[in-house]
Amino acid sequence: MDRQQGSAATPKAAAGKPRLSASASAGGAYRRTSSGPLPAAGGGGRASSDSGVSSRVRVAVRLRPRNAEEQAADADFADCVELQPELKRLKLRKNNWESDTFEFDEVLTEFSSQKRVYEVVAKPVVESVLEGYNGTVMAYGQTGTGKTFTLGRLGDEDTAARGIMVRAMEDILADITPETDTISLSYLQLYMEMIQDLLDPVNDNIAIVEDPRTGDVSLPGATVVEVRDQKSFMDLLRIGEAHRAAANTKMNTESSRSHAILMVNVRRAVKGRNEMDVSMSAENGHSSSMMGSLRPPIVRKSKLVVVDLAGSERIDKSGSEGHTLEEAKSINLSLSSLGKCINALAESSAHVPVRDSKLTRLLKDSFGGTARTSLVVTIGPSPRHRGETTSTIMFGQRAMKVQNMVKLKEEFDYKSLCRRLDIELDKLIAENERQRKYFDDEVERITTEAQCRVVEAERECKIALENEKMKYHQEYLDSIKILEEKWKVHQQSPKKEVKETESTSNGDVHELLQNEKMLRQSAEDESNDLRNQLLHWKKMEATATAEVVKLRRMLDTEASQKDKFEEEIAVLKSQLMQLSMDADETRMSLDTGDGPGKIFPGLDSLMSHTRSSQPREQSNGPKAPVAKLFEQVGLQKILSLLESEEPDVRVHAVKVVANLAAEEANQEKIVEAGGLTSLLMLLRSSEDETIRRVAAGAIANLAMNETNQDLIMAQGGVTLLSMTASDAEDPQTLRMVAGAIANLCGNDKLQARLRGEGGIKALLGMVKCGHPDVLAQVARGIANFAKCESRAATQGNKVGRSLLVDDGALPWIVKNANNEAAPIRRHIELALCHLAQHEVNAKDIVSEGALWELVRISRDCSREDIRMLAYRTLTSSPTLQSEMRRLRIEC
């Protein structure tokens, strides 16, 4: 690789140069001969997915200082280039008297710091990416001129030496909001015209998928990792750099032999637009109108592509030979194709040969597409390489003529809206139930209280009336008795006394009568008061009855609202069915492929393309297909539909669960909600071939997680998968079952249980199908099992012959070791190497004729790691060495 920048500029020398601010560098992106300045990285306003702003490719040239070899060899010669950074010019000397002058957007001397290079080359592009535009930063130049130093330097020893990749991610992470924004990346290399995953080296031939309608290029098979902080990003870069191809040549001790491509996807929520301003209070009773007024939030999706091209080289100067020579041919061929495309775009040719190379297909959006592109060309000062320097400068000059149509990528975030609607629906249902319970309790309390008060008032009134009646009756009887006694005394006394006391008796009688009248009046008044109190309590009872009637009406209103909610839930269920059918059609339209574990790849990328194609002007019209997303229904509701009595509903539900299980973020939720148990139940009870096929695919996706593997084994999953394999005739169903068992074979802890429950027998039984996809999954499972056995034997955890050999897998392995299909052959070769590593299997290897295949693999295998593994196995086994000497075979 271009690992070193020669003698790097010191801080003092770098400080002596004038620095441009980020805004100045963005605004100065124009040539002197152009008609006017191009818009800055953040300019152009808000562009929709259907319109854009024209933007020229910005090109900067960077000069590498002389290295030790050049200082010794070219000590008597002047540099072949002369830089004029203040005029943004470069002079290329033809001889001591003549020179050609070229203009660039930026001219960076050998003393320019890494920070200066980042600010003038990459920072405007990074700012555009943060605003929603696609962006590309690329380095081009002769091998050994500092491309990898400029782009990919990690700066572990000196933070000031950090390259563009590290600094760009620092700015992106500093600008995003972790709660609403997400950053994910893929790290790839284009090696010998094969796209390889630097984060997963086993994934060594990723296919390019092109949307036939929009022409957009994607890599659905690449590993995508979400990044939360700078440390995790640096760890990923170190992993990728460790796997990148490099070699020692005369031009560079660590020359890059592949094109490295870092893809950073940025997803940001647009704040302050289309906010929901409708109250969520349940008292207004208008939930349907409230839901109709919601608007989905807007998100911006952009992509930053950083491309570290392998250096162009001349064979006579680099001294490449053998495999290194083949690598050089492939590098020069792809760079030649890129140059042809740049020429065609610069000359506005009607045909641009982007399909001549995978490199030009990947960079289709960077040159002549919708991305904002910045190119840094690196050159050396040595006059011995004037020809390569001239070619690099002319490439940069032609690239400056390429015009891109920069477009803003905005979409409606229907997933977020569906989640919010689901939460609000649950809140409304819970509030409705709470209020109804409160109303019921209040009605019961008021009714009970009113009845108690009425009964108490009636009882008190009755008692008071009886007491008063008895009191006044007794007083009346007493007064009559007194009068009678006085009358008798008056009759018996002489008339004289009668006359003397007549006046006194008449006065007493008159006084008694007056007292009697007053007592009667008091009793009547008290009786009236009691009657008034009784009337008051009756009025209170009537009021309580009216309040009860009012509460009952409110309950009726709430019941009607509940009916509306149930209708909306029914609509959601119908949308679930429609979504499942759409997802099924989408999956059938994709290539089946042979991925390492996922059975339903590519669905998310296709749905993303569908979303981006929907114009936002139709937001008030019919609902777009993207609104029918999985989350609109809710995971628990989908899983409940797996037990539906209607076959069509069950089919649609299991398809949706399978597509959800293809995403790692959903797997834990599915298992926690009981989805794994439901899928295994479908395998056990369903007779529908479609349901069994899709359920097996979903289990295969879940089986990629080690925790889920233990659960599958604990619930008898291997037995159910084996029964399904024995009953199925459809190759796709067998492929799903084989993929699930293959994922389980990669768990060291499950080896004995897997074999004991018939997993290996089931895999070998499926080879009778003969379908290549099924055979590829069977081969992958056997390779995983053999690898785990080899590791256990090395660690001393296993003794005795391989379980694969015991179950009769070795003859099939030998038969298919040279299969025409590359995936099948690669897995079989790995399995055979792992089996032969254990000495106890050596006799079976020899008796079954596998020794010859091991020798062939050590000589002819296209994969160097497998070839070396076979060689080490043959040379380390005494039994195999003895047999090779007997047969006079040389390794």
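The values are calculated or read from the model by the stated rules, or taken from the named source; none is laboratory data. No experiment lies behind these values; they were computed from the predicted model shown. Here Cβ is always computed from backbone atoms with ideal geometry, including for glycine, and neighbour counts include all displayed protein chains. Surface areas here come from the heavy atoms of the whole protein model, side chains and all, with no ligands, DNA or RNA. Shrake-Rupley method; radii C 1.70, N 1.55, O 1.52, S 1.80 Å.
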- Item | Above-threshold pairs, the threshold being 23 Å between Cα atoms, out of LYS340/LYS364; LYS462/LYS539; LYS303/LYS329; LYS427/LYS564; LYS123/LYS401 | LYS303/LYS329
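Work the Kirkwood hydrodynamic radius out for segment 399-464: mean of 1/r over every pair of different alpha-carbon atoms, inverted, in Å.
The Cα-based Kirkwood calculation yields 18.3 Å.
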- Task: Residues in segment 345-373, backbone N under 19 Å from the label point at MET405 (7 Å along the Cα-to-beta-carbon vector): list them, ranges by number please.
- Result: 345-354, 363-373
- Starting from the residue with the highest accessible area, list LYS562, LYS437, LYS409 in decreasing order, probe 1.4 Å. LYS437, LYS562, LYS409
- Message: With equal scatterers on the alpha carbons only and no solvent term, can you work out the Debye log10 of I(q)/I(0) for segment 837-891 at 0.12, 0.23 1/Å?
- Response: -0.23, -0.84
- 19 Å Cα-Cα reach of LYS471 towards aspartates and glutamates, excluding residues that sit fewer than 8 places from it in its own chain: GLU460, GLU516, GLU524, ASP525, GLU526, ASP529
- Mind checking the full-extension length gain between ALA821 and SER232? Use 0.36 nm per residue of separation minus the Cα-Cα distance, one decimal, nm. 208.4 nm
- Note on the structure: If amide H atoms are modeled at 1.01 Å from N in the peptide plane, then the residues at a separation of 5 or more from LYS798, or on another chain, having amide H under 5 Å from its own are ALA793
- Query: Considering segment 325-377, what Rg and Dmax in Å follow from its alpha-carbon atoms?
  - Reply: 11.6, 36
- Message: Quick one: the Cα spread of segment 630-692 along its three principal axes, in angstroms, biggest first?
- Response: 30, 21, 16
- For segment 833-891 and segment 367-438, compute the distance between their C-alpha centroids and round to whole Å. 50
- Task: Ignoring everything but the protein chains, give the 1.4 Å probe accessible area of LYS471 in square angstrom, nearest 10.
- Result: 100
- Query: All other residues with a Cβ under 11 Å from the Cβ of ALA371 taken together, and with Lys, Arg as +1 and Asp, Glu as -1, what is their net charge?
  - Reply: +4
- Note on the structure: Between LYS462 and MET540, the FRET efficiency computed from the C-beta separation at R0 = 22 Å comes out, to the nearest 0.05, as 0.75
- Query: Could you list log10 I(q)/I(0) for segment 357-451 at q = 0.18 Å⁻¹, which the Debye formula gives when each Cα is one point scatterer?
  - Reply: -0.97
- Query: Using Cα pairs under 8 angstrom and six or more residues apart, how large is the relative contact order of segment 722-825, in percent?
  - Reply: 29
- Message: Report the gain in length on full extension from VAL548 to GLN636: 0.36 nm times residue separation, minus Cα-Cα distance, nm rounded to one decimal.
- Response: 27.9 nm
- Query: What is the distance in Å between the Cα centres of segment 164-211 and segment 511-531?
  - Reply: 104
- Query: Where does each of ARG886, ARG167 land when they are ordered by accessible area, with a 1.4 Å probe and the largest first?
  - Reply: ARG886, ARG167
- Rg(Cα) of segment 751-870 divided by 2.2 N^0.38 Å? 0.98
- Note on the structure: Per residue convex hull volume, Cα only, segment 674-766, in Å³ is 77
- Show GLU541, GLU484 ordered by accessible area, largest first, where the area counts protein heavy atoms only and the probe is 1.4 Å. GLU484, GLU541
- Got a number for the accessible area of THR707? Probe 1.4 Å, square angstrom, nearest 10. 90
- Item | Two-site label geometry, GLN533 and ARG434: point separation in nm, points 7 Å out along Cα→Cβ | 4.2
- Note on the structure: Once the mean of 1/r over all distinct C-alpha pairs in segment 658-699 is inverted, the Kirkwood radius in Å reads 10.3
- Note on the structure: Between the modelled labels at THR223 and SER882 (7 Å from Cα along Cα→Cβ) the distance in nm is 4.2
- Task: Would you kindly find the accessible area of ARG755, with a 1.4 Å probe and non-protein molecules such as ligands, DNA and RNA excluded, rounding to the nearest 10 Å²?
- Result: 80
